[in-house]
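Participant: Dropping the structure in here first, questions after.
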Amino acid sequence: IDVYKRIADIRSQDDADDVVDELVDRFGEPPKSVMGLISIALIRNSASLLGISEIRQVTDRLMLYIKDIKCKAVEKIMRENRTRTLLNAGNKPYLAVKLFEGEKPIEILKKILE
């Protein structure tokens, strides 16, 4: 349970690295599933800090549901990813991020959220 709490509290790449180091010291090299859980925790917490409340993948798009479309983070994501983003300002605003062939969704999310 303590390990899951530590993973849930990951807020930065340094936190993630510390958790991985601790897991290696205690249990040996973590399996891919644990590394995936760490990546997801980092993405979830990073997204939350930017005002993103939900992330979904729909076919070749990542849907990032946002609380405030006027925030600086949304503006920056749109500016830096012009060819792949679309903003929908409907009842439940979201950014749609296009995935190109061969791209891994987790890697694109990490890049977008930096």
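Participant: Can you pull out the residues in segment 37-78 that are farther than 27 Å from Arg6 by Cβ, open to solvent by 50 Å² or more (accessible area, probe 1.4 Å) and in a strand (DSSP E or B)?
Facilitator: Of everything in segment 37-78, those that are farther than 27 Å from Arg6 by Cβ, open to solvent by 50 Å² or more (accessible area, probe 1.4 Å) and in a strand (DSSP E or B) turn out to be Val58, Arg61.
Participant: Keeping to segment 34-74, report how many residues are touching a Lys or Arg at 6+ places or on another chain (Cβ under 7 Å), within 23 Å of Gly90 (Cα to Cα) and in contact (Cβ under 8 Å) with a residue 24 or more places away in the chain. Steps first, answer last, please.
Facilitator: Just the residues of segment 34-74 that are touching a Lys or Arg at 6+ places or on another chain (Cβ under 7 Å), to begin with: 43, 45, 51, 53, 60-61, 63, 65.
Applying the additional criterion that residues be within 23 Å of Gly90 (Cα to Cα) yields 51, 53, 60-61, 63, 65.
Checking which are in contact (Cβ under 8 Å) with a residue 24 or more places away in the chain leaves us with 60-61, 63, 65.
So the answer is 4.
Participant: Now for a separate question. Within segment 79-114, can you find the residues that are part of a helix (DSSP H, G or I) and more than 22 Å from Ser12 (Cα to Cα)?
Facilitator: Scanning segment 79-114 gives a single hit, Arg79.
Participant: Something else now. If I go through segment 79-114 residue by residue, how many of them are buried (at least 17 other Cβ atoms within 10 Å of the Cβ) and among the β-branched types (Val, Ile, Thr)?
Facilitator: Here the count works out to 4.
The values are calculated or read from the model by the stated rules, or taken from the named source; none is laboratory data. If you're wondering where the values come from, they're calculated on a predicted model, not measured in any experiment. Ideal geometry is used to build each Cβ from the backbone, glycine not excepted, and the neighbour counts take in all protein chains shown. What goes into the accessible areas is simple: the full protein's heavy atoms, side chains included, and nothing from ligands, DNA or RNA. Shrake-Rupley method; radii C 1.70, N 1.55, O 1.52, S 1.80 Å.
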